[in-house]
Structures are given as C-alpha cells and as structure tokens.
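Here it is: the structure, laid out below.
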Amino acid sequence: MGLLSRTFTPELVDFVVDEAGAREERTRSLPSRLVVYFVLTMWLFTGNGYGLVLRELVEHWPRRRGEEWRPAGTGSLTLARQRVGPGPLRLLFDRVAGASGSPATPGAFWRGLRLASLDGSLLDVPDSEANAAAYTRASNGGRPGPYPQVRLLALVECGTKAMIGAVFDSFAVGERTLARRLLVHLHTGMLVMADRGFPAFGLWQAAADRGAQLLWVRILLREGC
C-alpha cells in the first residue's frame, strides 16, 4: 500500500479525477478518489472479491483529516465504478508511465542502451453486450470461447518492469498492428527486444526509423528439425 500511495499520490489522483470530469456531485460513501484507489488495489489482490479488496484498502489507507470511509456492498461498488468510468485511470496511466531506471539499475542498461521488451498478452473480459460488440472471442474447435478477449501489447523497461507504453484492442487485431501504435515511444539510445511474433520488414523498418536499436528473434522451423 505504501508503494501504491507513493506512486499514485492523492494529489495526482484528485487531479485526474477532476480532469476526467468524474468528481462526485455530493458527499458519498464511495468518493471518486476512493474508487480509483479501489481499482488500483484490485490489481494487488487479484484473487479476492470486491468486499475483501475494499476492506484491505479502507483498513490500511491513510485518511485525510475528517475523512471517513465505510465498507460498501458489491452492487454499490459496481455502480461507483460505472460512475467514475475509465477516464481517470487512462489519465493516471499517461501521467506515470515511462522508463524509470538509471545506468546503476541492474538489468536496465546494456552498453549504454536502455533495455526494453515488446510483448503481448490476452485477457478475458466480462461477457456483457458492450464487450461482446467491441471484442472478439477466440474459437475452440469451431465454437466461440466463453468470454470476449482483449489483446494487450506493452513496451516494458527491463530491470524495473516499468511500463513505457501500452495499447489494447480486440483479440482479432494482431500484435504487429498494435506494435505500430507503440512506435512513438521508441527513440535513440534504446535496445528493444521482441519475440518471433513481431519480425516483419515493414514493422522493422518503421521501428528502426525511430532511432532505436532492435533485437527481434525469428525462429525458422525446417522439416525434420
């Protein structure tokens, strides 16, 4: 919790809440700032439900003078998340994302180059009508999967695991397409590594034009090997 509060200070959270127009209009048991911290805390306790996560947050988070937080039900938390929306979280990410390692950080640099890795992952999202319309399902034996899936692609600094940039889209959108949206984060002085899913002449050339050094692995499988 201490690291969370140092990385996402109350002043910063209040700023993004106001910037996103998500400030509550009246006093609530779940103010917008608490809801943002609740969402962040869920990523620290991914195996727990809403109630346990909120209790962990309320019991250990430092309060301001006169501030009182009370546990709320699952339904109230769901409504509060809908009220706040994704805007504050998006702005918060934009504020804190970026490389943080120094040449003295183990694993962050090699021969003067900042090390970064490009990789993707698939995430299941709730099977709501909105998600089903926006995101594709993977198929299994010709049958659609139980949940819509989001493809997430991130550029991460090695050594610190700090996220430099991230993009996401439907499962149907490939990693190479998403990678082009992250090229803005590449620059001279970086060594960017990627696995066999990324090598392609056009993408390689576009990444190289940003000035970064590239180490992309391509594995060729031959018959009989």
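The values are calculated or read from the model by the stated rules, or taken from the named source; none is laboratory data. Note that the structure is predicted; figures quoted are calculated from it, not measured. With ideal geometry, Cβ positions are generated from the backbone for all residues, glycine too; neighbour counts draw on all protein chains shown. When the accessible area is computed, the model is the full protein with side chains, heavy atoms only, and any ligands, DNA or RNA have been set aside. Shrake-Rupley method; radii C 1.70, N 1.55, O 1.52, S 1.80 Å.
Quick check for you: with a 1.4 Å probe and neighbouring chains kept, what is the accessible area per residue of the chain, in Å²?
That works out to 61 Å² for each residue.
Of the options L178, G142, L155, report the single residue whose Cα projects farthest towards the positive end of the charge dipole of segment 53-180 (beta-carbon charges: Lys, Arg +1; Asp, Glu -1).
Final value for the positive-end residue is L155.
Accessible surface of D169 in the full protein assembly, 1.4 angstrom probe, to the nearest 10 Å²?
40 Å²
Also, quick follow-up: Here are several values of Cα extents along the principal axes in Å: (1) 53, 38, 36; (2) 66, 51, 30; (3) 43, 42, 35. Which one was derived from the coordinates shown?
Recomputing Cα extents along the principal axes in Å here gives the entry labelled (2).
Turning to a different aspect of this structure: How many nm separate the modelled label positions at V217 and A133, each set 7 Å beyond the Cα in the direction of the Cβ?
Going by the 7 Å Cα→Cβ label model, 4.2 nm.
Looking at segment 132-225, which GluC sites (Glu not before Pro) are in a loop (DSSP not H, G, I, E or B) and have at most 13 other Cβ atoms within 10 Å?
Answer in residue order: E223.
Let me ask something else. For the chain, which whole-number percentage of the solvent-accessible area (1.4 Å probe, protein heavy atoms only) is attributable to carbon and sulfur atoms?
Percent of accessible area from carbon and sulfur atoms in the chain: 53.
What number, rounded to the nearest 500 deg cm²/dmol, is the helix-based mean residue ellipticity at 222 nm of the chain, given -39500 (n - 2.57) per DSSP H run of at least four residues and division by all its residues?
About -10000 deg cm²/dmol.
Identify, among S32, T188, N131, the residue whose Cα sits farthest towards the positive end of the charge dipole of the chain, taking +1 on the Cβ of Lys and Arg and -1 on the Cβ of Asp and Glu, with the dipole about the Cα centre.
Of S32, T188, N131, it is T188.
If the only charges are +1 at each Lys and Arg Cβ and -1 at each Asp and Glu Cβ, what is the size of the charge dipole of the chain around the Cα centre, to the nearest 20 debye?
It works out to roughly 200 debye.
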